[in-house]
Amino acid sequence: MTTSESTHDARASFRGTLTKVLMVQAAALALLGLLQLFYTR
Amino acid sequence: MHWINWLIVVAYLAWVVVDGIRKSSGTDTIAGYFVANKSLSWWVVGLSVMATQLSAVTMIGTTGQGATDGLRFVQLYFGLPLAMVILGVTLVPLLHGSGVYTAYEYLERRFDAKTRSLTAFLFLLSRGMSCGTIIAAPGVVFSAIFGIPLAWSVALIGIPTVIYTMIGGVQAVAWADVKQMVLIVVALLAIVVVLVLQMPVNPHDALQIAGATGRLETFDFSFTVNETYTFWSGLIGGTFLMLSYFGTDQSQVQRYLTARSVDEARTSLLMSAYWKIPLQALVLLVGVGVFVYYQFVQPPLLFNPAHEEAVEAEAGAAYAALEARYGETFGLRESAAMQVAEAEGDLDEKLSAFLAHEADLQGIRSEALALAEEVTGENARDVNYIIPRFVLSELPIGLAGLFIAGVIAAAMSSIAAELNSLATTSVIDFYRRWVKPEATDAHYLTVSKGATALWGLFACIVATYAATLGSLIEVVNRFGSFFYGSILGVFLLAMIPRSRGTGAFLGLIAGMGTVAAVTFGAPSVSFLWHNVIGAVVVVVVGVALGGGSPSPNAETPARTGPA
């Protein structure tokens, strides 16, 4: 595998992980946001 | 406390120590003692990372903060998932792959010995002090709640931790962390179940009351550097804080240096990326639940039983009068809370009445706290006592013991990691580097065990003095944030090819100087921004002074650890 292929793989892996982590966090924050939206007066 | 609860606590302590010692096989070399021969699975390392970060302060202070302030503290962790992903592709492969025992050891390879020694010294200074405050947090609370001298409660937590850390090294610490993390989560979930079962109103009504008092306001989008917990300070300042803590603090770096491979080290950090925010929200929700519960069951006027006793003895009449007013106002607030809970449609009027009674009640509490301060001469802030008092008076026998064991577990897991990393840094970055560079593993092991015991003793002594410092959460965070950003800056510089040792060293001094100037010159700036300021100043100064010839050590690594 060439250096540029390896760098490309690392970037793709980083993007994939980041996307998954951000999706899970977005779900958790959305839940907290809904609690704030519906119950805070 | 009931003897069954004590039995659970003692059984847990015995189990952790015995099992910790049992797990010490293979630690007869420094690679085994300091990095477990790089043999641990990602889930063991991941739980160890989480347990290290979750201290007793989280169990009693943060839950108490949930009861008084609500969920907004969770914003501090908004940068954590991003920081973990960044570390997974930057510092983790760099440190794990370079075969070092400490993060600072890497800095000598990249820069020079003085940069390594200064960062290692700053770590010893800040972590040595914070280790004391981590023991002090539960120590002070247990001392007041169980009526035992502070030295005893400090010893109850400190001595077993020192024993298994000293004998078993990082391997014993990591496996103890796994058990401790499980116990902590079980204890928190047990409280949630009890709250749901014993709450006089249904979950929707409970949320209605929590929301009416602002306890469910998680997000604050205002951009002000003076407010500690906002969305932006959490996301930006929090990212820098977490990058520093997980990327450059030996107490965390040493956890993932024990992983079998870079991939497993990376995966272990991702566990925190996925679970930290939900776990922290659970901790705060426990506090919010206790707040709602106390709308219907009268809580003590003072949560610190030692202060309560002192005030009753010294100013009995004044305290009795306050208690009478407290009881009367509580009755009014309780019925107002029930009306808010049961209200359909427009509830402005009912809400105003409830909030007015709530303000009256808090006014009486403030008077009682002022009286306690006058009588005892101590800070009467009792946030850290809310949850322990709730647990001991409202939880069934057995579950209360489980929670107390959980608090001790949280304290032990953080203290063990700190003692382990303090000993490692003392031996690797100072003793082996400057005092005795050539010696056998047996010699370094003996010195490491002695260093662990000495740091344990130091932490216990600091614990007795740190008790008089204000909010324990703030204290722990402040100690770290003074150096954290600047140390992160040095590691960021290490990834910039043109940076050199002198630039890194001077940048580090400039970063710390700037943070000190901001701390004293503009004290209203939230400590979370100190991390950003420190890191940026170090990088800017380091790059500006860089560009010279390579550091003499850059291509000739010092002694290495396991690869």
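The values are calculated or read from the model by the stated rules, or taken from the named source; none is laboratory data. Predicted model, so just to flag it, every value in this text is computed and none were measured. Virtual Cβ from ideal backbone geometry, glycine too; neighbours counted across all protein chains shown.
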For this session: Would you mind telling me which numbered condition in (1) modelled with pLDDT of 90 or more; (2) surrounded by fewer than 18 Cβ atoms within 10 Å (Cβ to Cβ); (3) of a type in the set (Asp, Glu) B:Asp429 fails?
Result: (2)
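Considering each of B:Leu76, B:Leu71 in turn, give the residue that is touching a residue at least 40 places away in the same chain (Cβ under 8 Å) and either of a type in the set (Val, Ile, Thr) or within 13 Å of another protein chain (Cβ to nearest Cβ) (or both). Step through it out loud before you land on a result.
On the way: B:Leu76 fails: either of a type in the set (Val, Ile, Thr) or within 13 Å of another protein chain (Cβ to nearest Cβ) (or both).
Being touching a residue at least 40 places away in the same chain (Cβ under 8 Å) and either of a type in the set (Val, Ile, Thr) or within 13 Å of another protein chain (Cβ to nearest Cβ) (or both) holds for just one of B:Leu76, B:Leu71, which is B:Leu71.
So, of the residues in the range A:23-41 that are within 15 Å of B:Pro81 (Cα to Cα) and within 7 Å of chain B (Cβ to nearest Cβ), which turns out to be surrounded by the fewest Cβ atoms within 10 Å (Cβ to Cβ)?
From the range A:23-41, those within 15 Å of B:Pro81 (Cα to Cα) are A:23-29; that's our starting set.
After this cut, where a residue has to be within 7 Å of chain B (Cβ to nearest Cβ) as well, the list is A:24-25, A:28.
On the way: A:Val24: 16, A:Gln25: 20, A:Ala28: 19.
The extreme case among them is A:Val24.
Would you list the helices (runs of 4 or more DSSP H) that sit entirely within the range B:358-471 and hold 1 or more residues that are within 22 Å of B:Asp177 (Cβ to Cβ) and of a type in the set (Ser, Thr, Tyr)?
Where helices (runs of 4 or more DSSP H) fall fully within the range B:358-471 and carry at least 1 residues being within 22 Å of B:Asp177 (Cβ to Cβ) and of a type in the set (Ser, Thr, Tyr), they are B:399-425, B:441-466.
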Problem set entry | Tally of residues being among the small types (Gly, Ala, Ser) and at pLDDT 90 or above across the range B:140-167 | 3
Exercise. Residues in the range B:248-300 that are assigned to a helix (DSSP H, G or I), closer than 30 Å to B:Phe483 by Cβ and among the acidic types (Asp, Glu): how many?
Worked result: 1
Exercise. Got a number for residues in the range B:340-357 being within 14 Å of chain A (Cβ to nearest Cβ) and either part of a helix (DSSP H, G or I) or touching a strand residue (DSSP E or B) at 6+ places or on another chain (Cβ under 8 Å) (or both)?
Worked result: 10
